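Visitor: Once you've had a glance at the structure underneath, I'll fire off some questions.
The values are calculated or read from the model by the stated rules, or taken from the named source; none is laboratory data. Computed from a predicted structure; not experimentally measured. Positions of Cβ are generated from backbone atoms using ideal geometry, with glycine treated the same way; all protein chains shown enter the neighbour counts. These area figures cover heavy atoms from the full protein model, side chains too; ligands, DNA and RNA do not enter into them. Shrake-Rupley method; radii C 1.70, N 1.55, O 1.52, S 1.80 Å.
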Amino acid sequence: MLQPGLMMNLPLLLSSVIEHAAAQYGEVEVVSRETHGPLFRYTYAQCAARARKLANALSGLGLVAGDAVGSIAWNNHRHLEAYYAVSGSGMVMHTCNPRLQAQQLIYIINHAEDRVILFDATFAPLVKGIAAHCPNVRAWVCLADAGNTPTIDGVANVLSYDELVEPCSEVFAWPQFDENTAAALCYTSGTTGNPKGAMYSHRAIVLNAMSGCMPGLLSLSPSDAILPVVPMFHINAWCIPYAAPIGGTKLVLPGPKLDGQSIYELMESEGVTISAGVPTIWQGLLAYMEQHGLRFSTMRRTGVGGSAMPQALIAKFMDVYGVDVRHGWGMTETTAIGTMGILPPQSKTWTSEKKQALLAKQGRSAFGVEIKVVNEAGDTLPRDGSSQGELMVRGHWIIASYYKGEKSPLIDGWFPTGDIATIAPDGTMQIRDRTKDVIKTGGEWISSIDLESAAVGHPGVAMAAVIGVKHPKWDERPLLFIVRKPGATLEKEEILKFLETKVAKWWVPDDVVFLESLPVGGTGKVQKGDLRKQYGGVFS
Ligand code: ADP
């Protein structure tokens, strides 16, 4: 007969995360770029006190457990306080992506039934445009002091966060409830149809955040300082705002300034040892450093994900700047990190190229997440590193159903990701493409990610994107878009010749279009849909 375990059964709640940091790492700093420019700094103890004040303020506004509070905000300390105050009170922290179209923002705010919206002054024009269409919102709270809170024509009830919070008591008894209660909500970008809501539970976030601290993932400890460039408005900034307080790690929040110079200066002035962001952010940072001949003094490793990190960029980080790259994969539906690549001990004898080739893959799944790839019939494919199929995931922080969704997205208990992947015998997963981006040519598949990664390896290429274009004979053929590096004179023949040395001959794109920039969406990813609309005609 099974025996009961005799340990305490305390719920995994987010309030306990910030109170842990306040009690054990009360002196550890949180540094935050104010939206109007200057740096603000305080400690986890002060952050927890302000979170309790905000919890009192929200209750003063008449909000109760189960209500939703939206945010349209940068990574800053007030947003962090809200992460804890809202979820800790049993309410739902709904982070909105300010780069969504106004119509989509209105849709998600109404769908989530947000009662209050916290916004940064940057987004005042956006608030002006949407407020009239969000009848459930009873207050629009600007994350600023009174002096930096704008009046917004036509919007009643615009409050200053500091004015709202400061008079409140810093004593608040966090309610205790089931760890499966909803804590936070984030919508997918809705590239097809309306955005869909992923509702994260306290349990999922705490488990993911604890996992993120582990050495094989981000490795957060009290001797580190982390700067999440990944936005708090999308996929919980990979749960770093929850993981750092668990790890006792100094947290550096960059506010609205995400250009190479600002990020570099903040890393240097705050002794940042770890960062995390999408590849486009790192391209900007390294371009700035190269241009000015700069080096890092404290940075040791960086987490990348959100889209594939080209091998050439990994090489630059590791060989030129001595920074370890951790390449991870995740999506809105997976709370944060699902898989992460890290070098094994035997890699000490490997060439740099072999190490970087491994890190260009998306790594092994974290404990708590299982992965498999399946063919169109749903059969599990072998872990041989070459059988490609749809990546399926399940685990403690993987979505079970969408918020107010009618139909379960799961297939036999697994979530279909829409990504095409391979899994090697050692468990290393590689994303080959998204199902909608893969190029089907003559019955075979070409990975747009692999082609892009190869193109970015040319020294004259700043950014690259590949789409499939209809072809009368081959079904689809690849079309390559290139943004040249400043001063580069690269032409079509040269890049195609270069690619012939890197990929199979039948993969070489049929044509190249040079652009000034690529269309980048709300989460820093290239919008291939836009490219398809404009260039996806027919090759002759
Ligand atoms: P969207 O891109 O639609 O806004 P998400 O932000 O949830 O949705 O992004 C999740 C998707 O991003 C994944 O399904 C995958 O296609 C892509 N992705 C995430 N990390 C990586 C990575 N390291 N390499 C390649 N693709 C990635």
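Visitor: Report whether or not TYR107 is of a type in the set (Phe, Trp, Tyr) and either assigned to a strand (DSSP E or B) or open to solvent by 10 Å² or more (accessible area, probe 1.4 Å) (or both). Talk me through it step by step, then tell me what you get.
Guide: Working: of a type in the set (Phe, Trp, Tyr): yes; either assigned to a strand (DSSP E or B) or open to solvent by 10 Å² or more (accessible area, probe 1.4 Å) (or both): yes.
For TYR107, the condition - of a type in the set (Phe, Trp, Tyr) and either assigned to a strand (DSSP E or B) or open to solvent by 10 Å² or more (accessible area, probe 1.4 Å) (or both) - is met.
Visitor: Right, next: Of the conditions (1) on the phi > 0 side of the Ramachandran plot; (2) open to solvent by 60 Å² or more (accessible area, probe 1.4 Å), ALA65 fails just one. Which one is it?
Guide: (1)
Visitor: Looking for something among the aliphatic types (A, V, I, L, M), within 15 Å of the ligand (Cβ to nearest atom) and open to solvent by less than 30 Å² (accessible area, probe 1.4 Å) - is there at least one such residue anywhere in the stretch 471-490? Before the answer, list the steps.
Guide: At the first step, the residues of the stretch 471-490 found to be among the aliphatic types (A, V, I, L, M) are 479-480, 482-483, 488, 490.
Those left that are additionally within 15 Å of the ligand (Cβ to nearest atom): none.
No, every residue in the stretch 471-490 fails to be among the aliphatic types (A, V, I, L, M), within 15 Å of the ligand (Cβ to nearest atom) and open to solvent by less than 30 Å² (accessible area, probe 1.4 Å).
Visitor: Right, something else. Report the residue count in the stretch 189-220 for those that are β-branched (Val, Ile, Thr) and surrounded by fewer than 21 Cβ atoms within 10 Å (Cβ to Cβ).
Guide: To start, the set of residues in the stretch 189-220 that are β-branched (Val, Ile, Thr) comprises 191-192, 205-206.
Cutting the leftovers down to surrounded by fewer than 21 Cβ atoms within 10 Å (Cβ to Cβ) gives us 191-192.
Count: 2.
Visitor: Continuing with this model, one more query. Show the residue pairs that are 6+ apart or on different chains and have beta-carbon atoms under 6 Å apart, the first residue being within the stretch 316-328 and open to solvent by 60 Å² or more (accessible area, probe 1.4 Å), the second being within 16 Å of the ligand (Cβ to nearest atom) and not polar (S, T, N, Q).
Guide: Listed by first residue and then by second, the contacts come to ASP324/ARG301.
Visitor: So, in the stretch 154-169, how many residues would count as being out of contact with any strand residue (DSSP E or B) (no Cβ under 8 Å at 6 or more places or on another chain), of a type outside the set (D, E, K, R) and open to solvent by less than 70 Å² (accessible area, probe 1.4 Å)? Don't jump to the end; show me each part of the working.
Guide: So in the stretch 154-169, the residues out of contact with any strand residue (DSSP E or B) (no Cβ under 8 Å at 6 or more places or on another chain) come out as 154, 156, 162-163, 165-169.
Still in the running and of a type outside the set (D, E, K, R): 154, 156, 165, 167-169.
Still in the running and open to solvent by less than 70 Å² (accessible area, probe 1.4 Å): 165, 168-169.
The total comes to 3.
Visitor: Determine whether VAL461 is buried (at least 23 other Cβ atoms within 10 Å of the Cβ), among the β-branched types (Val, Ile, Thr) and at pLDDT 90 or above. Full working, then the answer.
Guide: On the way: buried (at least 23 other Cβ atoms within 10 Å of the Cβ): no; among the β-branched types (Val, Ile, Thr): yes; at pLDDT 90 or above: yes.
It is false that VAL461 is buried (at least 23 other Cβ atoms within 10 Å of the Cβ), among the β-branched types (Val, Ile, Thr) and at pLDDT 90 or above.
Visitor: Going by what's in this entry, would PHE172 be described as open to solvent by 10 Å² or more (accessible area, probe 1.4 Å), closer than 22 Å to GLY66 by Cβ and either aromatic (Phe, Trp, Tyr) or not in a loop (DSSP other than H, G, I, E, B) (or both)? Let's see the steps before the verdict.
Guide: Working: open to solvent by 10 Å² or more (accessible area, probe 1.4 Å): yes; closer than 22 Å to GLY66 by Cβ: yes; either aromatic (Phe, Trp, Tyr) or not in a loop (DSSP other than H, G, I, E, B) (or both): yes.
Judged against the criteria, PHE172 is a match.
Visitor: Then there is this: At least 2 residues that are hydroxyl-bearing (Ser, Thr, Tyr) in each: list the strands (runs of 3 or more DSSP E) lying fully within the stretch 1-100 that qualify. I'd like the intermediate steps shown before the answer.
Guide: Details: elements: 29-33, 39-43, 68-72, 92-95.
Ranges flagged: 39-43.
Visitor: If I ask for residues that are under 21 Å from the mean Cα position of the chain (by Cα) and buried (at least 18 other Cβ atoms within 10 Å of the Cβ), which ones from the stretch 110-126 would you list? Give the derivation first.
Guide: So the first thing to find is which residues in the stretch 110-126 are under 21 Å from the mean Cα position of the chain (by Cα), and the list is 112, 118-120, 122-123.
The answer is ALA112, LEU118, PHE119, ASP120, PHE123.
Visitor: Okay, next question. Does TRP397 count as within 14 Å of the ligand (Cβ to nearest atom) and part of a loop (DSSP other than H, G, I, E, B)? So that I can check it myself, show each step before the final result.
Guide: Numbers: within 14 Å of the ligand (Cβ to nearest atom): yes; part of a loop (DSSP other than H, G, I, E, B): yes.
Criteria met by TRP397.
Visitor: Of all residues in the stretch 347-365 being buried (at least 20 other Cβ atoms within 10 Å of the Cβ) and not charged (D, E, K, R), which is nearest to the ligand (Cβ to nearest atom)?
Guide: It comes out as GLN362.
Visitor: Something else about it: For a quick check of your reading: which strands (runs of 3 or more DSSP E) sit entirely within the stretch 194-293 and have at least 1 residues that are closer than 22 Å to PHE119 by Cβ?
Guide: Numbers: elements: 197-201, 225-228, 250-253, 274-277.
In the stretch 194-293, 197-201, 225-228, 250-253 are the strands (runs of 3 or more DSSP E) which contain 1 or more residues that are closer than 22 Å to PHE119 by Cβ.
Visitor: Does GLN388 satisfy being open to solvent by 50 Å² or more (accessible area, probe 1.4 Å) and more than 12 Å from the ligand (Cβ to nearest atom)?
Guide: Details: open to solvent by 50 Å² or more (accessible area, probe 1.4 Å): yes; more than 12 Å from the ligand (Cβ to nearest atom): yes.
When the stated conditions are applied, GLN388 passes them.
Visitor: Return the residues of the stretch 370-427 that are closer than 15 Å to GLY197 by Cα and among the acidic types (Asp, Glu); say none if nothing qualifies.
Guide: Correct list: GLU406 only.
Visitor: Something else now. Within the stretch 301-326, which residues are closer than 14 Å to PRO228 by Cα and outside any strand (DSSP E or B)?
Guide: Listed by number, the residues that qualify are GLY305, GLY306.
Visitor: Against the definition (part of a loop (DSSP other than H, G, I, E, B), surrounded by 12 or more Cβ atoms within 10 Å (Cβ to Cβ), in the same structural domain as VAL456 (by TED's automatic domain parsing) and under 30 Å from the mean Cα position of the chain (by Cα)), how does VAL503 come out, yes or no? Break it down stepwise before answering.
Guide: Details: part of a loop (DSSP other than H, G, I, E, B): yes; surrounded by 12 or more Cβ atoms within 10 Å (Cβ to Cβ): yes; in the same structural domain as VAL456 (by TED's automatic domain parsing): yes; under 30 Å from the mean Cα position of the chain (by Cα): yes.
When the stated conditions are applied, VAL503 passes them.
Visitor: Ok, one more. Counting only residues that are within 13 Å of GLY389 (Cα to Cα) and part of a loop (DSSP other than H, G, I, E, B), which one in the stretch 421-435 is least open to solvent (accessible area, probe 1.4 Å)? Show your work before the answer.
Guide: Narrowing the stretch 421-435 to residues within 13 Å of GLY389 (Cα to Cα): 421-424, 429-435.
Filter again for part of a loop (DSSP other than H, G, I, E, B), leaving 424, 435.
On the way: ALA424: 24, THR435: 63 Å².
Once the filter is applied, the top-ranked residue is ALA424.
Visitor: Shifting gears a bit: Considering only residues that are hydrophobic (A, V, I, L, M, F, W, C) and either touching a residue at least 40 places away in the same chain (Cβ under 8 Å) or part of a loop (DSSP other than H, G, I, E, B) (or both), which ones fall in the stretch 400-419?
Guide: Restricting attention to the stretch 400-419, the residues satisfying the condition of being hydrophobic (A, V, I, L, M, F, W, C) are 400, 410-411, 414-415.
Once the filter is applied, which keeps residues that are hydrophobic (A, V, I, L, M, F, W, C) and either touching a residue at least 40 places away in the same chain (Cβ under 8 Å) or part of a loop (DSSP other than H, G, I, E, B) (or both), the stretch 400-419 yields ALA400, LEU410, TRP414, PHE415.
Visitor: Given the residues GLY248, GLY255, which is the only one that is surrounded by fewer than 24 Cβ atoms within 10 Å (Cβ to Cβ) and at pLDDT 95 or above?
Guide: Of GLY248, GLY255, the one residue that is surrounded by fewer than 24 Cβ atoms within 10 Å (Cβ to Cβ) and at pLDDT 95 or above is GLY248.
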